[in-house]
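Scroll down for the structure; my scribbles are underneath it.
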Amino acid sequence: MEDVGEELSKVLESKRLDERYSALMQKVLDDRDVRMFIEAHREQVTDEDIQKSYAKLYEFVQEKKKYQLNDPSMIAPGYEPKLFLNFHYIDVTYVPTETLLKRQAEEQIRSRVRSMNMPKDVREASVGRLDMTSDRSKAIQALLDFIDVYTATPTNFHQGLYLQGSFGVGKTYMLGALANALAERGYRSTLVHFPTFAVEMKQAIGKDTMLEKLETIKKSPILMLDDIGADSMSSWIRDDVLGVILQYRMQEQLPTFFTSNFSMQQLESEHLRVSQRGEEEPLKAKRIMERIRYLSKEIVMVGKNRRNP
Ligand code: ADP
Ligand code: MG
């Protein structure tokens, strides 16, 4: 008796399962997109083909629901599920959405700008948002000219800019805007906050990481050294770090930009000439300055301090 009862309950259980399955599949077949797809391909698929595709149709309906609700548990976030005919079998494919494609394109552009210890707002800087006040127009014009000539002949040598101006006039922002504009056109650049970089170099003297970093910076297709002269430089930083970078860039004819609170003249006489230990080293200062002058054109930026409007 026992066995029969067990047998019976098994049958009933599997019948219930069958019913649930049928109900589920009916719901899937009632889905508007599924119905339209089957109608459109009615001549290519038999009822049996459709039955064999149930699992995929079910997946489609589930994932479409999640997609519409933007549910994070969806199989492929950013991709829209679509049905397609895979021989005699209905299958699901995941098509990237416009939003995803746009985001991927933006990420690719961003990845062309490597920034080291730069303020965050630099990432958002754009040439379109640089206001053309008369006191800045010279710098903006020079920047636009650079974009023109560089993108026309990227393998030729083009002088960069030495943006000079007081604290807060927007020098760093200007470099960020340039780097982003170049990235949109497919070019890579590196922005380095020079004083921080100098400290990092000192802390890592002789280590592989230091050499690697120096190599990356030295070889960047477009290099922007921000805030040069902001901190006093040791002779080692001046000659073996900055000097080495500039020497390489001259040799390889690679565009290099600078920003500084000081004019080239001041940088030479007040910052590069006297070592941290107070020794006068006019020749060494001159050598560095020659390289900076070769690589860049000095542009004075005046204006209000934008940090405290
Ligand atoms: P600097 O490097 O000359 O000291 P910054 O580039 O850091 O100055 O600019 C100072 C502040 O003004 C920053 O917060 C920056 O985001 C903002 N800023 C500068 N130029 C612009 C601009 N054209 N549009 C919007 N914000 C700007
Ligand atoms: Mg700055």
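Between 267, 283, 272, which is without any contact (Cβ under 8 Å) to a residue 60 or more places away in the chain, within 16 Å of ligand 1 (Cβ to nearest atom), closer than 26 Å to residue 300 by Cα and assigned by TED's automatic domain parsing to the domain that holds residue 158? Please lay out each step first, then the result.
Numbers: 283 fails: within 16 Å of ligand 1 (Cβ to nearest atom); 272 fails: within 16 Å of ligand 1 (Cβ to nearest atom).
Within the list 267, 283, 272, the selection yields 267.
Please work out which one of (1) of a type in the set (Gly, Ala, Ser); (2) surrounded by 15 or more Cβ atoms within 10 Å (Cβ to Cβ); (3) not assigned by TED's automatic domain parsing to the domain that holds residue 201 is the condition residue 73 fails and give its number. Unmet condition: (2).
Among the residues that make up the stretch 15-26, is at least one of them surrounded by 15 or more Cβ atoms within 10 Å (Cβ to Cβ), assigned by TED's automatic domain parsing to the domain that holds residue 91, without any contact (Cβ under 8 Å) to a residue 12 or more places away in the chain and in a helix (DSSP H, G or I)? Checked the stretch 15-26: no residue is surrounded by 15 or more Cβ atoms within 10 Å (Cβ to Cβ), assigned by TED's automatic domain parsing to the domain that holds residue 91, without any contact (Cβ under 8 Å) to a residue 12 or more places away in the chain and in a helix (DSSP H, G or I). Report whether or not residue 285 is among the small types (Gly, Ala, Ser) and part of a loop (DSSP other than H, G, I, E, B). Answer is no for this residue. Suppose the filter is in a helix (DSSP H, G or I), surrounded by 13 or more Cβ atoms within 10 Å (Cβ to Cβ) and modelled with pLDDT under 95; does residue 34 pass it? Answer is no for this residue.
Within the stretch 73-155, considering only helices (runs of 4 or more DSSP H) that don't extend past its boundaries, which have at least 2 residues that are over 15 Å from the mean Cα position of the chain (by Cα)? Ranges flagged: 98-111, 134-152.
From the list 303, 229, 243, pick out the single residue that is more than 16 Å from ligand 2 (Cβ to nearest atom) and either not in a loop (DSSP other than H, G, I, E, B) or not β-branched (Val, Ile, Thr) (or both). Going through 303, 229, 243 in turn, just one is more than 16 Å from ligand 2 (Cβ to nearest atom) and either not in a loop (DSSP other than H, G, I, E, B) or not β-branched (Val, Ile, Thr) (or both): 243.
Looking across the stretch 177-192, the residues that are within 16 Å of ligand 2 (Cβ to nearest atom) and either over 13 Å from residue 113 (Cβ atoms) or buried (at least 24 other Cβ atoms within 10 Å of the Cβ) (or both) come down to 178, 179, 191, 192. Note on the stretch 115-156: residues that are in contact with a strand residue (DSSP E or B) (Cβ under 6 Å, 6 or more places away or on another chain) and within 11 Å of residue 177 (Cβ to Cβ) total 1. Give the residues of the stretch 246-280 that are open to solvent by less than 60 Å² (accessible area, probe 1.4 Å) and part of a helix (DSSP H, G or I), sorted by residue number. Within the stretch 246-280, 246, 248, 249, 250, 264, 267, 268, 269, 271, 272 meet the criteria. The set of residues in the stretch 37-61 being open to solvent by less than 80 Å² (accessible area, probe 1.4 Å) and under 44 Å from the mean Cα position of the chain (by Cα) consists of 37, 38, 40, 41, 53, 54, 55, 56, 57, 59, 60, 61.
The values are calculated or read from the model by the stated rules, or taken from the named source; none is laboratory data. Note that the structure is a prediction, hence the values are computed from the model and not measured. Quick reminder, even Gly has a Cβ in these numbers, built from the backbone with ideal geometry, and neighbours come from all protein chains shown. Each accessible area value is taken on the protein alone, full model and side chains, heavy atoms only, with ligands, DNA and RNA left out. Shrake-Rupley method; radii C 1.70, N 1.55, O 1.52, S 1.80 Å.
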